[in-house]
Amino acid sequence: MYFKKFKQRLGQQLGFNPLAWIRSGLRVEAMLDQWLGGAAAPRPAADARTIAVLVTPWLATVVPWYSIVVGVLLAARGARVVYVFDDLPFSNAPKRALLIRATIRRVLRRFAGPGEVLVLSRFLGAPGAPVDGAALIERMAALNAVHALRGEMVADGRAGYVALVRRQLQRADPAIQALLAGHRFDVLFIPGGIYGTTGLWLDRAKRAGVRVASYDAGGYGTVLFAADGIAAQLQDVPRAFARLKDTVASEREHALILRVARGELDKRHQGKDAFGSQMVATSAGPLEKYRGAILLALNSSWDQAALGLHAVFETNTEWIVETARWVVEHTDATIVIRQHPSERLAVASTSDDYAALLRHHFGGHERVLFVHAADPVNTYELLTVVSTVVAYTSTIGVEAAALGNRVIVPSRSYYAGLGFVWSAAARAAYFSLIRQSVAGELVLTTQMRQDAMYCYYVTQICNWIFSPFSPESFELWSRESIAGLNADPTVGVLLEALAHDIPAALFNHRGRLAAEPVEGGGAAAADAADEPAEPAEPAAAAVGAP
């Protein structure tokens, strides 16, 4: 009883379960010991690329263990792997961070050979002339505050958190630059790309000519991965999309893409997809009040998928208010602000109160409507009655274009430049596009709809890696051997894409194409974009050169 109370008090003080964390480290050590079996790690191939794997505390999650094991899997395949341990403080939980860093340090001692582990703190005060990073640090500090406070609107504690993070980033930045200046890597593999110091690592490595690959937990046993860029922001998608369009070799392949994409869209509409996108398959009430409206489709402002991508406005708050005000003052249209449906779930909930924001600025204006995340309104049914969709980075922008809606994007979203939406980088152009859309002057072509469906196929069918080896599935894969993980084809997709700079979506497409014959062709292929098809299961990943 005493020990149980002690654990509870210790957990309350540290903000997590320290014994569970230590046990997780021991399990990773056991995996490494079994792999080595008392022998030296395999030597890299003579022509092997040097892949640096960033290991950094990530709150109290197993992200550092995932990074370490990815490095081991790469080394087992003959890559030259260097671990970069970012051991400098980041967070407002110093006691927790001390224990986490100590456990990581203990595990990394398994890689004690010269040059195999680089520790960032050893580069503090290293000689050199680091590039001034004031603007980058200010931006990263602000974005980290949005993430930590789960939104933009909460003022309490924000200034203090930004100041703390700013100091931590200012200390880390020169050391990061010194480490990169003194070592040559072909690839740097990082978690995230915004949270913590990873935004600095991304920027500084790219400036040094190093390709930066990243990963993110996608939820539901999935991994998001980018061979070049930020995985959560789908920064691999534009080149995967372009490559797919350029290489589709037959009517059969074209028909498969459209059929499978439409099948997934139908699942989403019904709320039967793997992610439970809609809480209702059919809206509870009539949608007539939304007819002809402009739909403003929100992202969760604190999600890494959306952080830092504004091109026209500074923040979500500014975007929402200024767009609604312009619509009210310059058109006769209704504007509908739709909160992202995932925010109805605790894991994705936000501290931002959009309804209160709109009441403050517009009172109960009859042409400013707000749809809460939990309201029984199906977003896909909204698309059948609205005239225009304005999207930030949400997938609904791709879906809306595929289904025949005009879509306007005021951000650096992954799909902003793919040709099937109208994008703007300045206010005058943005509001002009809204005016033209309301007047019916923007024409969505059949080719644009097809391109949107191709993009949807890349992002929602092929870009997810459904794998037992995901950051959220530690309890499963930490009981597996390194050899067993390396034999899993879904793990192979990630490792091959990382090593050879190929979007994972292309591997998964080739696997699906080989596994799923398509009935018919010709007219059937042409009709597939418009006619619902049988839903398809998530793509089974397969290894092989696309």
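The values are calculated or read from the model by the stated rules, or taken from the named source; none is laboratory data. Computed from a predicted model, the values in this text were never measured in an experiment. Cβ atoms come from the backbone with ideal geometry, glycine included; neighbour counts cover every protein chain shown. Each accessible area value is taken on the protein alone, full model and side chains, heavy atoms only, with ligands, DNA and RNA left out. Shrake-Rupley method; radii C 1.70, N 1.55, O 1.52, S 1.80 Å.
Listed values, structure above:
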read-out	value
Condition check for A348: more than 20 Å from E329 (Cα to Cα) and either touching a residue at least 60 places away in the same chain (Cβ under 8 Å) or crowded, with 22+ Cβ neighbours inside 10 Å (or both)	no
In the range 314-360, residue modelled with the lowest pLDDT [restricted to those that are of a type in the set (S, T, Y) and over 30 Å from G440 (Cα atoms)]	S342
Restricting the range 83-99 to residues that are at pLDDT 95 or above and among the aliphatic types (A, V, I, L, M), the residue that is nearest to R184 (Cα to Cα)	V84
Test result for V389, of a type outside the set (S, T, N, Q), within 22 Å of L442 (Cβ to Cβ) and in contact (Cβ under 8 Å) with a residue 40 or more places away in the chain	yes
D132, sole failed condition from (1) assigned to a helix (DSSP H, G or I); (2) without any contact (Cβ under 8 Å) to a residue 60 or more places away in the chain	(1)
Matching entry among A540, A533, A524 (being of a type outside the set (K, R), at pLDDT below 90, open to solvent by 20 Å² or more (accessible area, probe 1.4 Å) and in a helix (DSSP H, G or I))	A524
Test: residue in the range 256-265 that is over 23 Å from T379 (Cα atoms) and buried (at least 16 other Cβ atoms within 10 Å of the Cβ)	yes
Residues being open to solvent by 10 Å² or more (accessible area, probe 1.4 Å), under 13 Å from Y354 (Cβ atoms) and either part of a helix (DSSP H, G or I) or of a type in the set (A, V, I, L, M, F, W, C) (or both) - total across the range 322-340	0
Residues (open to solvent by 40 Å² or more (accessible area, probe 1.4 Å) and touching a strand residue (DSSP E or B) at 6+ places or on another chain (Cβ under 6 Å)) located in the range 414-458	W422, S423
Filter result for I190 (at pLDDT 95 or above, assigned to a loop (DSSP other than H, G, I, E, B), hydrophobic (A, V, I, L, M, F, W, C) and touching a Leu at 6+ places or on another chain (Cβ under 8 Å))	no
Checklist (1) under 17 Å from the mean Cα position of the chain (by Cα); (2) surrounded by 19 or more Cβ atoms within 10 Å (Cβ to Cβ); (3) not in a helix (DSSP H, G or I); (4) not small (G, A, S) applied to R150, failing item	(2)
Any hit, the range 436-447, residues being in contact (Cβ under 8 Å) with a residue 12 or more places away in the chain and among the charged types (D, E, K, R)	no
Cβ pairs under 9 Å, 6+ apart, first in the range 208-233 and in contact (Cβ under 8 Å) with a residue 60 or more places away in the chain and over 19 Å from S413 (Cα atoms), second acidic (D, E) and surrounded by 22 or more Cβ atoms within 10 Å (Cβ to Cβ)	V223/D216
Boolean, Y380 is hydroxyl-bearing (S, T, Y), within 27 Å of A346 (Cβ to Cβ) and touching a residue at least 60 places away in the same chain (Cβ under 8 Å)	yes
Check on Y215, assigned to a strand (DSSP E or B), within 24 Å of the chain's Cα centre (by Cα) and hydroxyl-bearing (S, T, Y)	yes
Selected residue [touching a residue at least 12 places away in the same chain (Cβ under 8 Å) and either surrounded by fewer than 16 Cβ atoms within 10 Å (Cβ to Cβ) or farther than 20 Å from L498 by Cβ (or both)] from L26, L19, L54	L19
